[in-house]
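The values are calculated or read from the model by the stated rules, or taken from the named source; none is laboratory data. Please read these numbers as outputs of a predicted model, since none were measured by experiment. Because the Cβ atoms are built from the backbone with ideal geometry, glycine has one as well, and the counts that use them run over all protein chains shown. Side chains are part of the model used for accessible areas, which takes the heavy atoms of the whole protein and leaves out ligands, DNA and RNA. Shrake-Rupley method; radii C 1.70, N 1.55, O 1.52, S 1.80 Å.
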Amino acid sequence: MSHIYQPLMIKALLKNDGQATTEEIAKALLAYDQSQVEYYSLRTKTMVGKVLTNNGVVESVKDGRQITGYRLTETTHTEAERAALQAMCDEAINAYISKRGEAIWGHRGPDSGYVSGSIRYNVLKRAKHRCELCGGHEDQVALHVDHTTPRSKGGPDHISNYQALCMTCNTNKRDTDDTDFRGILDSYNNRQTDCIFCELGAGRIMAENELCIAIKDAFPVTEGHTLIIPKRHVADYFDLYQPERNAIEAMLHEQRQSILEKDNTVTGFNVGINAGASAGQTVFHLSYD
């Protein structure tokens, strides 16, 4: 079994007495495709829900500031009224489909830039399964493989013209935008030969994740004095990418817990950053103390 698709297809066949159309099988696969759920969840909030809210038909349901759903502003309909309204919705849907036909979904069809499975695999592999704009990993967010130069601007259907973007970044990128984000991912590997933090020996590294490391300070102010350093050569906090901030934050919590486990008498922590020579920075590769 190389994917959940195989058992899903078998299940669909079993539910249909051993035979099913490709459309029925596709619908069974779609029910498990979280990226599609996320795709339409985003459109619900930014397009459909927004229009109906502005027209007073629905109101949003929130958990804090996060929209988690919608409710009708008028909920006192009788069963007969609800049935009549649903029939009106069906009429509107059918009339629109009759008028527009396949053009309704044309932006998602094969003729608008279908990406084969092999190209998708190799683009994601090349991107190390990360969004090439924000750095988000496929374990954190659904990734799309999209044209760098849009087909609308003459971009070819060739692997050299594809990049991996998470659903949010790709949605916010207009279909006329030909910005190439692949260089951002490459920049995570930036190192400077004369930088002491870029040339640390493996023996000094206490802990690491994909984007940062932790080392003991060479001149500790107190016992347990630790430096958290991004792997990329970056001058100060204000030059960090958001994924690096996330990685450093995770490492700070990890090192705090490690210190507490080693010494339960510790009751407080200082976390400091020097950004710029006038702020006391002496090594121009960011470190958290």
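What do you reckon, how do 137, 147, 253 stack up by accessible area (1.4 Å probe), largest on top? Provide the component values of the computation, followed by the final result.
On the way: 137 40, 147 10, 253 115 Å².
Heavy-atom accessible area, descending, gives 253, 137, 147.
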Go ahead and run the numbers for FRET between residue 225 and residue 30, Cβ-Cβ distance against an R0 of 41 Å, rounding to 0.05. 0.15
Given only helices, namely DSSP H runs of n ≥ 4 each adding -39500 (n - 2.57), what is the per-residue ellipticity at 222 nm of the chain, to the nearest 500 deg cm²/dmol? -10500 deg cm²/dmol
Using Cα centres only, tell me the gap between region 26-47 and region 219-240 in whole Å. 41
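If the only charges are +1 at each Lys and Arg Cβ and -1 at each Asp and Glu Cβ, what is the size of the charge dipole of the chain around the Cα centre, to the nearest 20 debye?
Details: 31 positive and 38 negative charges, 76 e Å.
For the chain, the charge dipole is close to 360 debye.
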Could you work out how far the C-alpha centroid of region 130-144 sits from that of region 244-279, in angstrom? 26
log10 of Debye I(q)/I(0), alpha-carbon scatterers only, for the chain at 0.11, 0.12, 0.14 Å⁻¹: -0.93, -1.03, -1.19
Label model pair residue 254, residue 13: point-to-point distance (7 angstrom along the Cα→beta-carbon line) in nm is 4.5
Taking only Cα atoms, what is the 0 to 90° angle, nearest 10, from helix 117-126's long axis to the longest principal axis of the chain? 20
Between residue 72 and residue 210, with labels modelled 7 Å along Cα→Cβ, what's the label distance in nm to one decimal, could you check? 4.4
Evaluate the distance, in nm, between pseudo-label points positioned 7 Å from the Cα of residue 139 and of residue 186 along their respective Cα→Cβ axes. 2.7
For region 240-289, shape from the Cα gyration tensor axes a ≥ b ≥ c, cut at a/c of 1.5 then a/b versus b/c, turns out oblate
Computed about the Cα centre, the charge dipole of region 5-60 from +1 Lys/Arg and -1 Asp/Glu charges at the Cβ has a magnitude in debye, to the nearest 20, of 140
Cβ-derived FRET efficiency at R0 25 Å, residue 44 paired with residue 90, nearest 0.05: 0.80
